[in-house]
Amino acid sequence: MLKIEGKSVIELDVNGEKRSVVVRPADTLLYTLREQLGLTGAKPGCENGDCGACTVIIDGWPVKSCIMLTVEAIGRKIVTIEGLKDAPIQKAFVENWGFQCGYCTPGFLMVCHALANIRPDAEEYEVEEWLQSNICRCTSYEEIQAAIQTILKSKSYFQA
């Protein structure tokens, strides 16, 4: 790790690619993804971990990037919405109308993608628990639940 006047040059594994960034110790992962790497799919919402618009996947688990420091991501595998690349969950959201304005959609897609990989046999109550980590002000969540149920019923979902 190279230090430059209160900043450090670090390497992150983002969407399967090694990326070098210059960060301050206080920089959040959300800030670094958006401002340094141009990956704007993770959205700033509440910026205190409540809304889930900033959700990314780290080592297979959904994480709110607004409350994670960038330096905490060193040596870990980060997947952003840009890294899903036509994952089946994206198609399921479209087919089930799982979005309206779209602002929260990337966060929900990341949570649902992780759920399908971690708990492919999830029960309905588990889906509801996972979806509670994100907030949507436009839809009733029924469409989002239908999208994830479509994927879970296929029993063949797995992606990085």
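The values are calculated or read from the model by the stated rules, or taken from the named source; none is laboratory data. If you're wondering where the values come from, they're calculated on a predicted model, not measured in any experiment. Counting neighbours? That spans all protein chains shown, and the Cβs are built from the backbone with ideal geometry, glycine included.
The residues of the stretch 53-92 that are of a type in the set (S, T, Y) and more than 15 Å from L12 (Cα to Cα) amount to a single one, T55.
Here the condition is being out of contact with any helix residue (DSSP H, G or I) (no Cβ under 9 Å at 6 or more places or on another chain), outside the structural domain of W130 (by TED's automatic domain parsing) and not aliphatic (A, V, I, L, M); of K7, K64, it holds for K7 alone. Just so you know, in the stretch 1-44 the residues that are without any contact (Cβ under 8 Å) to a residue 12 or more places away in the chain and acidic (D, E) include one that is farthest from I78 (Cα to Cα), and it is E5. The sole residue among L30, L37, L115 that is in contact with a Phe, Trp or Tyr (Cβ under 6 Å, 6 or more places away or on another chain) and crowded, with 16+ Cβ neighbours inside 10 Å is L115. Checked against (1) closer than 24 Å to I10 by Cβ; (2) free of Cβ contacts under 8 Å to residues at least 60 places away in the same chain; (3) surrounded by fewer than 18 Cβ atoms within 10 Å (Cβ to Cβ), G102 passes all but a single condition, namely (1). Restricting S154, S133 to residues that are touching a residue at least 60 places away in the same chain (Cβ under 8 Å) and buried (at least 16 other Cβ atoms within 10 Å of the Cβ) narrows the list to S133.
Tell me, yes or no, whether the stretch 76-93 has at least one residue that is under 13 Å from the mean Cα position of the chain (by Cα), at pLDDT 95 or above, more than 13 Å from I148 (Cα to Cα) and surrounded by fewer than 18 Cβ atoms within 10 Å (Cβ to Cβ). Scanning the stretch 76-93 turns up at least one residue that is under 13 Å from the mean Cα position of the chain (by Cα), at pLDDT 95 or above, more than 13 Å from I148 (Cα to Cα) and surrounded by fewer than 18 Cβ atoms within 10 Å (Cβ to Cβ).
When we screen I57, I118, I89 for residues that are among the β-branched types (V, I, T) and not assigned by TED's automatic domain parsing to the domain that holds N134, the only hit is I57. The combined condition, being under 20 Å from R137 (Cβ atoms), surrounded by 13 or more Cβ atoms within 10 Å (Cβ to Cβ), among the polar types (S, T, N, Q) and touching a helix residue (DSSP H, G or I) at 6+ places or on another chain (Cβ under 6 Å), is not fulfilled by N15.
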